[in-house]
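Visitor: This structure is in structure tokens; I'll ask about it shortly.
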Amino acid sequence: MSHRVASILLALLLGACARPEPAPPVAAPQPEPKSPPVVIAPAVPKAKKPGPIPTRPLNVKTDCIFRDEAGYSGTMKLAIEQARVQSFEARVDVPRRGSCRFNLKDFRQTRHLPNVELNHLHDRCIVHVWEQGERVTVAFQQCQKMCSGSAWEGLWPILTDTRSGTCA
């Protein structure tokens with residue numbers, strides 16, 4: 001029996017050696033990372049561009065006062081009928097710089113269409129007036145002598161709303 005026991009032990013021993021090692025535990029499959037969903041923005045209508053400046057005689061009348069948060073302020077009286085300037089007075093106060101004053105008596109009208117233009121009688125100052133949409137713009141060019149201090153450096157065009165007569 002010892003031979004038989006030895007045979008069995010040898011078989012068990014060989015069987016134990018011949019048995020494959022258990023496989024390492026397999027990790028659960030990871031889901032593929034999801035890409036973020038594609039969000040399509042709704043179509044935004046294109047902003048409407050302002051149309052061309054009309055070539056019709058300008059008609060505007062305003063007597064307005066304006067002031068912004070920084071203290072930039074002024075007044076303007078303007079009357080234009082059929083592209084002929086009837087009256088024009090403007091005063092603009094530029095904080096910490098001075099003020100600018102304009103009066104029609106110091107200018108002569110040199111253009112009517114497509115834009116109104118006023119040239120100073122004794123200086124290079126030019127006042128341009130044009131309409132675009134519902135706004136009339138009064139802009140100043142080379143008007144240093146109409147201003148005190150360095151106000152001319154901060155002088156911006158005056159915009160008038162033709163519907164309400166207000167300006168900014």
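Visitor: Consider residue 111 against the criteria (1) surrounded by 16 or more Cβ atoms within 10 Å (Cβ to Cβ); (2) over 27 Å from residue 71 (Cβ atoms): it satisfies all of them except one. Which criterion is unmet?
Guide: (1)
Visitor: Moving on to the next point. Would you point out which residue out of 96, 91, 84, 67 is modelled with pLDDT of 65 or more, in contact with a Cys (Cβ under 8 Å, 6 or more places away or on another chain) and over 17 Å from residue 137 (Cβ atoms)?
Guide: From the options 96, 91, 84, 67, the qualifying one is 91.
Visitor: Something else now. With the requirement that a residue be in a strand (DSSP E or B), touching a residue at least 24 places away in the same chain (Cβ under 8 Å) and out of contact with any helix residue (DSSP H, G or I) (no Cβ under 7 Å at 6 or more places or on another chain), what does the range 100-123 give you?
Guide: 109, 116, 118
Visitor: Moving on to the next point. If you take the residues of the range 79-97 that are out of contact with any strand residue (DSSP E or B) (no Cβ under 6 Å at 6 or more places or on another chain) and more than 14 Å from residue 61 (Cα to Cα), which of them is surrounded by the fewest Cβ atoms within 10 Å (Cβ to Cβ)?
Guide: 96
Visitor: Looking for something closer than 19 Å to residue 138 by Cα, of a type in the set (Lys, Arg), surrounded by fewer than 14 Cβ atoms within 10 Å (Cβ to Cβ) and at pLDDT below 90 - is there at least one such residue anywhere in the range 40-56?
Guide: yes
Visitor: Shifting gears a bit: Can residue 153 be described as assigned to a helix (DSSP H, G or I) and either more than 30 Å from the chain's Cα centre (by Cα) or surrounded by fewer than 17 Cβ atoms within 10 Å (Cβ to Cβ) (or both)?
Guide: It is true that residue 153 is assigned to a helix (DSSP H, G or I) and either more than 30 Å from the chain's Cα centre (by Cα) or surrounded by fewer than 17 Cβ atoms within 10 Å (Cβ to Cβ) (or both).
The values are calculated or read from the model by the stated rules, or taken from the named source; none is laboratory data. Bear in mind the structure is a predicted one, so any value in this text is a computation, not a measurement. Here the Cβ is made from the backbone with ideal geometry for all residues, glycine too, and neighbour counts use every protein chain on show.
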